[in-house]
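To start, the structure itself, in structure tokens.
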Amino acid sequence: MAMEALQESLEKLVGKFDADKAFYLSKEYPEAQARVDFITPFFKALGWDVENEAGRPHHEREVVVERGESDTTGRPDYSFRVSGQTKFLWKRRRLRNRSTIPATSCKQRATPGTRRSFSSSC
């Protein structure tokens, strides 16, 4: 995807978020809706086939999405794969005011270690 198209997609997502930021940061905004409104469009903009538009069988899909909030406890929301091999995992966390998140927490979530996941709360 061309960089201009990627930038345009990301600017739309940021604009959408900024337009109703208080609601998106509230406890009333459900995880499932965050997936539809922001997470899936974000990864689609990056070129991932999140919705399996190519019609690949399960074992060949680029992205495997967990079903729902109650099913994802302790598991990633998205598994991103290349040639059937998981490359990284994504677990959505409730958005909070960035000033309330210690920098060490963000660093720990983004630093590779024994876990292959990355949280989206930072």
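The values are calculated or read from the model by the stated rules, or taken from the named source; none is laboratory data. Everything quoted here is computed from the prediction, not taken from an experiment. Neighbour counts are summed over all protein chains in view; Cβ atoms, including those assigned to glycine, are modelled from backbone coordinates with ideal geometry.
Below, the figures for the structure above:
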{"read-out": "GLY74 modelled with pLDDT of 90 or more and surrounded by fewer than 12 Cβ atoms within 10 Å (Cβ to Cβ)", "value": "no"}
{"read-out": "Test: residue in region 31-51 that is surrounded by 12 or more Cβ atoms within 10 Å (Cβ to Cβ), part of a loop (DSSP other than H, G, I, E, B), free of Cβ contacts under 8 Å to residues at least 24 places away in the same chain and within 16 Å of the chain's Cα centre (by Cα)", "value": "yes"}
{"read-out": "Single residue of region 9-30 satisfying the filter (charged (D, E, K, R) and surrounded by 12 or more Cβ atoms within 10 Å (Cβ to Cβ)) that is nearest to ARG61 (Cα to Cα)", "value": "LYS12"}
{"read-out": "Out of LEU6, LEU89, sole residue that is of a type in the set (A, V, I, L, M, F, W, C) and modelled with pLDDT under 90", "value": "LEU89"}
